[in-house]
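Heads up, the thing below is written out as structure tokens.
Read-outs throughout are calculated quantities, based only on the coordinates presented, and are distinct from any laboratory measurement. This one's a predicted model, so the numbers in the text were calculated from it and none came from an experiment. Here Cβ is always computed from backbone atoms with ideal geometry, including for glycine, and neighbour counts include all displayed protein chains.
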Amino acid sequence: MTPDQRLSIEWECTRLINLYANLNDAGCWEAVAALYAEDGLMTRPTAPDAPIVGREALLASFLARPPRASRHVCANIVVDVESSSAASAFSVILLFTGTSDPAGGAAIRDEGPPLVGTYRDRFVLTGEGWRFAERHGGLTFRPERVQSSR
């Protein structure tokens, strides 16, 4: 594998992580599920012991979520290329959530302090391009809401 091929794979997998966050925040559930291999597996940072397996099950899980406004901030993404068709990554996620504005504007009420979590991903090259084979989330830090003393 050439250095350019390795960099290309790292870029594609990093892009997949960021695209996942953007599509998730936009509520584009079909597109989020399509980022997984057909038999892809995901665990949420808030439910690391409850794997969801397969695109259909993933889509059903996303569709079952109550409406909310969210912003995922991805950081510290490090992709390790294992071969021309497999890679893994570690990333940190910061999640802000709020109650959705029915008119589609900004969140009308925040739902507490942000959550800090991690993802350990496995990627596979498919006929559709790079996809998540596994996405394991873990919750690292859940700060308490601090009451104002004013």
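A few points about this structure:
- Only a single item in (1) farther than 17 Å from L139 by Cα; (2) loosely packed, with under 12 Cβ neighbours inside 10 Å is not met by A31, and it is number (2).
- The criterion of being in a strand (DSSP E or B) and either touching a residue at least 24 places away in the same chain (Cβ under 8 Å) or surrounded by 14 or more Cβ atoms within 10 Å (Cβ to Cβ) (or both) holds for L95.
- Candidate set from segment 81-92 (those that are part of a strand (DSSP E or B) and among the polar types (S, T, N, Q)); member that is surrounded by the fewest Cβ atoms within 10 Å (Cβ to Cβ): S83
- All conditions but one from (1) touching a strand residue (DSSP E or B) at 6+ places or on another chain (Cβ under 8 Å); (2) charged (D, E, K, R); (3) farther than 18 Å from T126 by Cβ apply to D39; the one that does not is (3).
- Segment 1-35: number of residues that are over 24 Å from L95 (Cα atoms), touching a residue at least 60 places away in the same chain (Cβ under 8 Å) and not aliphatic (A, V, I, L, M): 2
- The residue that is surrounded by the fewest Cβ atoms within 10 Å (Cβ to Cβ), among those in segment 46-80 that are charged (D, E, K, R) and in a helix (DSSP H, G or I), is E56.
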